Structure formats: structure tokens, C-alpha cells
1. Can you pull out every residue in region 90-119 that is in a helix (DSSP H, G or I) and either within 17 Å of Ile6 (Cα to Cα) or within 16 Å of the ligand (Cβ to nearest atom) (or both)?
2. Pairs, please: C-beta under 8 Å, at least 6 apart or cross-chain, first residue of a type in the set (Phe, Trp, Tyr) and in region 122-146, second part of a helix (DSSP H, G or I) and open to solvent by 30 Å² or more (accessible area, probe 1.4 Å)?
3. Could you check, for region 120-142, whether at least one of its residues is more than 16 Å from the ligand (Cβ to nearest atom) and in contact with a Phe, Trp or Tyr (Cβ under 6 Å, 6 or more places away or on another chain)?
4. Any residue in region 74-87 that's of a type in the set (A, V, I, L, M): show its pairings with residues that are open to solvent by 40 Å² or more (accessible area, probe 1.4 Å) and not in a helix (DSSP H, G or I) at Cβ separation under 6 Å, as long as the two are six or more apart or on different chains.
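The values are calculated or read from the model by the stated rules, or taken from the named source; none is laboratory data. Because the structure is a prediction, the values reported are computed rather than measured. All Cβ positions, glycine included, derive from the backbone under ideal geometry; neighbour counts span all protein chains shown. All accessible areas refer to the heavy atoms of the entire protein, side chains included, with ligands and DNA or RNA removed. Shrake-Rupley method; radii C 1.70, N 1.55, O 1.52, S 1.80 Å.
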Amino acid sequence: MPSPVIHVLNGPNLNTLGMREPHIYGTTTLAEIESWCRAAARGTLEFRQSNHEGEIVELLHAARGVADGVIINPAGYSFTSVAIMDALKIYGGLVIELHISNIHARDPIYHKSLMSPVVTAVIAGLGARGYVTAMQAMYEMIEARR
Ligand code: DHK
């Protein structure tokens, strides 16, 4: 059985983690999060970040037929991007939507994610460690499907 493939995709402004609103997002940088994910990886891991909606769409197209699971933090696009929602449906595999913060405890603009109805599971509010939790959960879901 081939080792599982996970793609972790990060949306706009997540490249500024560490200095960005630390009272909300903490002080862990995206590079540190990537290193945690690589340490937790049990197979191939693609870890990407983009500030551009179309690039995220194309990363999801590229994951189709390649990634056993996608972990995506769509960031601000969570609440606006029908294009990314559609690309998640095109991808068609296991998806965990991840938010560092508890979006439901924040301003109302952050309460309704367009992505949540089309993903497998949602993690929000665990902080940066949520990425590792998502990795672990994704491997269990991939294994259960085999
Ligand atoms: C990250 C962002 O950039 C915000 O736009 C989202 C999400 C929350 C997070 O908590 O990881 O609303």
C-alpha cells in the first residue's frame, strides 16, 4: 500500500503568522507550523501558502488524483470564495478545513464559512497546534478508507 499523501494549503496573510495579531493567532510562524507538520508526516506532504485565490484554486485542481487528503486554511477566503468552494468539490477527496482561531467566537463576518458544507471536517480554535491535530485525524481517515 503506498504511503498516504497529504496537501496542506494555506490562504492569504498566513505568511505573516508570528507577527499578525498575536492575541488571536499566537506567535508561531507558518515555517514553524510547516516543521511541525513535517515531523508528524507519515508519507508525502505538500505544504503551500498563497495570497491569491486563483492559485489556491489551481493547487486544489493539482491535488485531485494525487492527494489522499487536503488540509486547508482558506483564511479570509473562507467567507467569500465560491471559486475555492467549487475547487474543493472538484478535488473530491477528504478535506479538513482548519482555522487557528475559533471563528465562531469572533466578529460575525467570520461566522459563516462557505467551505464548511463541502468539507469532511472542520477544526477551529486549537491554535497553531490544530495543524498537527488535523494531520493525525487525516491519517486516521485515510487509513479507514483503505
Ligand atoms: C485565518 C484568517 O486569516 C482569517 O481571515 C480567518 C483564520 C481565521 C484562522 O483562524 O486561521 O477568519
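1. Ile90, Tyr91, Ile103, His104, Ala105, Pro108, Ile109, Tyr110, Ser116
2. Tyr131/Trp36
3. Looking through region 120-142, none of the residues is more than 16 Å from the ligand (Cβ to nearest atom) and in contact with a Phe, Trp or Tyr (Cβ under 6 Å, 6 or more places away or on another chain).
4. The qualifying pairs are Ala75/Asn13; Met85/Leu114.
Conditions (1) modelled with pLDDT under 95; (2) over 20 Å from Ser113 (Cα atoms); (3) open to solvent by 10 Å² or more (accessible area, probe 1.4 Å), marked per residue:
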site	(1), (2), (3)
Met19	no, yes, yes
Pro22	no, yes, yes
Thr27	no, yes, yes
Ile33	no, yes, no
Leu45	no, yes, yes
Ala63	no, yes, no
Asp68	no, yes, yes
Glu97	no, no, no
